[in-house]
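Below is one structure, written out as structure tokens; comments come after it.
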There are 2 protein chains.
Amino acid sequence: MCQLLGMNCNTPTDIIFSFEGFRLRGGLTDHHADGFGIGFFEGKGVRLFHDDKPSAHSPVADLIRAYQIKSENVVAHIRKATQGQTSLANTHPFMREIWGEYWLFAHNGHLKNFYPEAGEYYRPVGNTDSERAFCYILEQLRQRFRHKPDEETLFETIASLTHEIRNHGLFNFVVSNGEFMMAHASTLLHYIVRKAPFGEAKLLDDDVAIDFSAVTTPNDKVAVIATLPLTVNEHWTQLAENELVMFRQGDIIRRDIPSSPRYLSIEEGLAIARAAGVSV
Amino acid sequence: MCQLLGMNCNTPTDIIFSFEGFRLRGGLTDHHADGFGIGFFEGKGVRLFHDDKPSAHSPVADLIRAYQIKSENVVAHIRKATQGQTSLANTHPFMREIWGEYWLFAHNGHLKNFYPEAGEYYRPVGNTDSERAFCYILEQLRQRFRHKPDEETLFETIASLTHEIRNHGLFNFVVSNGEFMMAHASTLLHYIVRKAPFGEAKLLDDDVAIDFSAVTTPNDKVAVIATLPLTVNEHWTQLAENELVMFRQGDIIRRDIPSSPRYLSIEEGLAIARAAGVSV
């Protein structure tokens, strides 16, 4: 499957440590060899990097490591092409403007028979189920709300659109407008909120450790969302199947969770993805 | 003033040589020290790089040099902030999707009292006159055409919108959908079409030369558009005041030019920009 990575914080934070573990999955420790993308919000603006080279060997990924961009909201994706050709137009995260804000969206999964009619406001450029889903969500939001609705309405509308879309298959996604971040799990998605007292973390995919207490202030709150936990010595929380959460400033502020939540083991999650034709 | 750079070719071409001269204007040989942006079309997809560091010293610019991205359509901009704060959201080129295509737009100039009402389809994210103009053009196109019109209609509609917008001030711009490129001059804009027989070119801003015959095939056709000529030993053609041209595959295919065209000297062009409050 493709892998997702999101970060939502209350202070601009660099994602290098998490990104290092994540990007090694793109060609070294894992088989995600069809390119990657990462978008950093900076105020209302976005720095967006797409590459069709595997992330473990990408000069763009090297730049990101060297540059240490600080951001409150980051959306990243490593792609193993299952739907659509491998091309830049099919590389996540996708970006559109709605209500005068840029939104970034990355998806991991596979939607069957999901071909909504061409939108009035949003149309896909590439040919992935993922971009179709993003455009459909935005189209429905824009058709229903000429101006941005309040946060509760926004969350509930996206939750209801997510219920509808996930009927078509696996729909793990991360979406952000630079202020909030929403994450939905069909199979595997984990998060951690790092806050004081900060400790040391060790990457799962590489022999690298960081002492967060040396690079943070006591008020920092950093939520990291990833398909699979990125560190070995921290407690990551798994999202339930069909759970949708909304983060702001590193906190979960809204949650839509089935009444009898089910948590897949990593083996089950990977098996379901395989059965759905999502390469793992 | 800010500087514009565009490239439109019939074969994927790297823009490193032109970009090198151009980017040196961002902090070394010129005073464009408020960041830069460059977008490369690759098929229908776009690689977009924005940076708020001066381009002469930017690691992103170093990456672009190292990476040698080949593209048939490139839009770049070095920014000296005159309108709007210096921020990523105000960094050109701006990107939006229309009719299932990404469009890139970069502007150099200053539009007075240009505040169109909020669009149904497109709204600015930042607060520049440039992004307002781009959104206005797209809004008008989309309101008039639910589907992409033929090329002649498209050109004529953009020409007519350009006539309207330039009443507000200086409106040098470059816009591309990855297939065509349109360029409009209010003051200074130059282009060159390089084709066989290819020769040597020397950068104006740096002690660098390239022998194009060594890196091209006889069928290549490469149009480069820039605020000011980038090379000293080639013949650049100046656009007239209020001239709009459309390139495809390195050729000019449509042109909208005043019946009595007027060509500003560089001194006149710079003086007009200064008088309009555009920093030079």
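Taken together, the values in this text are just the output of simple stated rules run on the coordinates, not laboratory data. These numbers were taken from a predicted model, which means no experiment stands behind them. Cβ sites come from the backbone with ideal geometry, for glycine too, and all protein chains shown count toward neighbours.
Find every distance from the label point of A:THR237 to the corresponding label point in the other copies (7 Å from Cα along Cα→Cβ) and write them in nm, one decimal, shortest first. Distances between equivalent label points, in nm: 6.4. Derived scalar couplings between HN and Hα for segment B:233-246 equal 10, 10, 9, 8, 9, 8, 7, 6, 4, 6, 9, 10, 10, 10 Hz in order, rounded to whole Hz, by the Karplus curve 6.51 cos²θ - 1.76 cosθ + 1.60 (θ = phi - 60°), x for Gly and Pro. With contacts taken as Cα pairs under 8 Å and at least 6 residues apart, chain B reaches a relative contact order of 22 percent. Near A:GLN249, the amide H atoms lying under 5 Å from its own belong to A:CYS9; only residues 5 or more places off or on other chains count, and H is placed 1.01 Å from N. Here A:ARG65 yields copy-to-copy label distances, from shortest upward, of 2.2 nm, the label point defined as 7 Å from Cα along Cα to C-beta. Whole-Hz Karplus values for segment B:169-182 come out as x, 7, 9, 6, 8, 10, 9, 8, 10, x, 10, 9, 9, 10 Hz, taken residue by residue from phi with 6.51 cos²θ - 1.76 cosθ + 1.60 and θ = phi - 60°; glycine and proline positions read x. The number of Lys pairs in chain B with C-alpha atoms less than 16 Å apart, excluding pairs fewer than 8 positions apart on the same chain, is 5. Counting neighbouring Cβ atoms within 10 Å and putting the fewest first, the residues B:THR217, A:THR216, A:THR86 line up as B:THR217, A:THR86, A:THR216.
With the alpha-carbon atoms of chain A aligned to their principal axes, the span from lowest to highest coordinate is 50, 39, 38 Å, starting with the largest. Annotation for segment B:95-150: chymotrypsin sites (Phe, Trp or Tyr not before Pro) lying in DSSP loop with at most 15 further Cβ atoms inside 10 Å of their Cβ are B:PHE145. Farthest towards the positive end of the charge dipole of chain B, among the residues B:ALA89, B:LEU228, B:VAL193, is the Cα of B:ALA89, using unit charges on the Cβ of Lys, Arg, Asp and Glu.
Dividing the Cα radius of gyration of the protein assembly as shown by 2.2 N^0.38 Å, with N the residue count, gives 0.98. In the assembly of identical copies, A:VAL208 has its label point, taken 7 Å from Cα in the direction of the beta carbon, separated from the corresponding points by 3.0 nm (ascending, one decimal).
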